[in-house]
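The values are calculated or read from the model by the stated rules, or taken from the named source; none is laboratory data. Remember, predicted model here, so these are calculated numbers, not experimental data. Virtual Cβ from ideal backbone geometry, glycine too; neighbours counted across all protein chains shown.
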Amino acid sequence: MLTHVHAADNVAVAATIDPDVTAASTVTSDWVDMSDYHTILAVVMAGTLGTNATVDAKLEQATSAAGAGAKDISGTDITQLTQAGTDQSDSQAVISLQSDALDVANSFQFVRLSITIGTATSDAGGIILGVAPRVGPASDNDLASVAEVVRV
């Protein structure tokens, strides 16, 4: 049994798409530097979906924190969440990515979450958790917007 190991030492809030009412459009998180983590976990959160709304999500990669050369990461697209017929309001989808899945041969090391709301305004949000930091406790790499980390 592990003692004195806190999740905050191993998992950081690396990027977010703050939950909000989102018009039919694409919203993205900040870029996450994968040189800080061995893996990430992206969580897509669909709230109340509008009539006939759809939610698509994927991860993208880039060569800089400014998004240079951005392109999709193959295999990271979620199965579309829909309101029409299947009522997938208030559901989640998770994308797990190892750092070696990036196009490292061409210097891609930054990742972001992209969520596309289709057809109707809907509630949505997302978070990228940086897992297994390469150096120090993961909480050292939390976003500045993380107001507090409580360890008990």
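Being farther than 16 Å from residue 61 by Cα and within 13 Å of the chain's Cα centre (by Cα) is true for just one of 120, 124. Which residue is that? Exactly one of 120, 124 is farther than 16 Å from residue 61 by Cα and within 13 Å of the chain's Cα centre (by Cα), namely 124.
Would you check if there is a residue in region 104-112 being within 15 Å of residue 41 (Cβ to Cβ), touching a residue at least 24 places away in the same chain (Cβ under 8 Å), of a type outside the set (Phe, Trp, Tyr) and out of contact with any Gly (no Cβ under 6 Å at 6 or more places or on another chain)? Scanning region 104-112, I find at least one residue that is within 15 Å of residue 41 (Cβ to Cβ), touching a residue at least 24 places away in the same chain (Cβ under 8 Å), of a type outside the set (Phe, Trp, Tyr) and out of contact with any Gly (no Cβ under 6 Å at 6 or more places or on another chain), so the answer is yes.
Can residue 144 be described as hydrophobic (A, V, I, L, M, F, W, C) and closer than 16 Å to residue 12 by Cβ? Answer is yes for this residue. Of everything listed in (1) closer than 17 Å to residue 70 by Cβ; (2) in a strand (DSSP E or B), the single unmet condition for residue 108 is (2).
One residue stands out among those in region 77-105 that are more than 17 Å from the chain's Cα centre (by Cα) and hydrophobic (A, V, I, L, M, F, W, C): the one that is modelled with the lowest pLDDT, which is 84. Restricting region 53-89 to residues that are touching a Ser or Thr at 6+ places or on another chain (Cβ under 7 Å) and not in a strand (DSSP E or B), the residue that is surrounded by the most Cβ atoms within 10 Å (Cβ to Cβ) is 53. Checked against (1) surrounded by fewer than 19 Cβ atoms within 10 Å (Cβ to Cβ); (2) modelled with pLDDT of 95 or more; (3) not hydroxyl-bearing (Ser, Thr, Tyr), residue 124 passes all but condition (1).
Taking residue 49 as the residue in question, decide whether it is assigned to a strand (DSSP E or B) and in contact (Cβ under 8 Å) with a residue 12 or more places away in the chain. No; evaluated as a whole, the condition is false for this residue. Scanning region 53-92 for residues that are more than 30 Å from residue 109 (Cβ to Cβ) and in contact (Cβ under 8 Å) with a residue 40 or more places away in the chain yields 53, 54, 88, 89, 90, 91. Tallying residues that are under 20 Å from residue 33 (Cβ atoms), in a strand (DSSP E or B) and not charged (D, E, K, R) within region 111-138 yields 11. For residue 130, the requirement of being touching a Leu at 6+ places or on another chain (Cβ under 8 Å), crowded, with 19+ Cβ neighbours inside 10 Å and not hydroxyl-bearing (Ser, Thr, Tyr) is not met. When the criteria are applied in full, residue 35 meets the requirement of being more than 21 Å from residue 123 (Cα to Cα), surrounded by fewer than 14 Cβ atoms within 10 Å (Cβ to Cβ) and of a type outside the set (Val, Ile, Thr).
The set of residues from region 117-146 being among the aliphatic types (A, V, I, L, M), in contact (Cβ under 8 Å) with a residue 24 or more places away in the chain and under 26 Å from residue 26 (Cα atoms) comprises 117, 120, 124, 127, 128, 129, 131, 143, 146.
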